[in-house]
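Okay, so here's the structure we're looking at.
Just so you know, all these numbers are worked out from the coordinates, no wet-lab data involved. The model shown is predicted, which means the values in this text are computed figures rather than measured ones. Neighbour counts run over all protein chains shown; Cβ positions are idealised from the backbone, glycine included.
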Amino acid sequence: MHIVQPGMEIDVLKENSKVANENYRRLKEHKIRSVDFMGSIGAGKTALIIKLAEKLREKGVRVCAIAGDVTGVDDYSRFEKSGLKAFNCNTGHECHLDANLVRKSLNEIDLDDYDVVFIENVGNLVCPADFPLGTDYRVVVISTTEGDDMVRKHHDIFLHSDIAILNKMDISDAVGVDPEVIAEDYRRLTGGLKEIYKCSVKKEQGLDEIIAALKL
Ligand code: MG
Ligand code: ZN
């Protein structure tokens, strides 16, 4: 649940950025590159992380993932089943990860064993935007199945992200969504400076471009 009391929110966000800075420094001390994946339930964050990790492992990059979810071990189990070492991070009832939860997860990880840490945030397009975790990159993932209005409806998360990804390009026709509408909304929102990355995790298209954009 999001903090709503006026005044209190500022303290919570201030405390969060303090801890996020500590996480960032700690990851840097271990020469780790880190990415926070945000997006709705069903956008394909878990599958995307699995595929990116597979590609990186082929190149000898040591990757692990933190699976952020309200409850349960579903994403954690999918990661582990795919061969990706994972750490489960349940928020209890919060609808977003915060820097303190990530700090606790980092305590479980032997940071000398990894080059890259992927963090899958809780499925939510709203409040994760307000809670940086201390990663190098913040990524927002949407999919064509969510409709063509996601950028128009969720400015904050797109403006708080370093890169934006449009997944499930392979079924855009079937769901009647024109990816160009989304691409144009994103271009407009970012003042013509940024392009959304289009991909299909299922067809393994567009993934190398994402890896390059994240400098992994
Ligand atoms: Mg997931
Ligand atoms: Zn929340």
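See the values below:
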| read-out | value |
| --- | --- |
| Three-way shape call for the chain based on the alpha-carbon gyration tensor, with the a/c threshold at 1.5 | oblate |
| Cut-off under 5 Å, modelled amide H: who pairs with residue 43 long-range | none |
| Spatial separation of Cα centroids for the stretch 58-127 and the stretch 7-52, in angstrom | 10 |
| Inter-site label distance for residue 109 and residue 90 at 7 Å from Cα along Cβ, in nm | 2.1 |
| Nearest-20 debye value, the stretch 29-213 charge dipole, Cβ charges on Lys, Arg, Asp, Glu | 240 |
| Beta bridges per DSSP with both ends in the stretch 29-213, % antiparallel, nearest 5 | 5 |
| Contact order normalised by residue count of the chain, Cα under 8 Å, 6+ apart, percent | 24 |
| Ranked by how many other beta carbons lie within 10 Å on average, peptides 24-36, 139-151 from highest | 139-151, 24-36 |
| Equivalent ellipsoid dimensions for the stretch 9-62 as semi-axes, Å, which come from the Cα gyration tensor, largest first | 27, 19, 4 |
| Karplus 3J(HN,Hα) series, Hz, for the stretch 110-119 with 6.51 cos²θ - 1.76 cosθ + 1.60 (x for Gly, Pro) | 7, 5, 6, 8, 9, 9, 9, 10, 9, 10 |
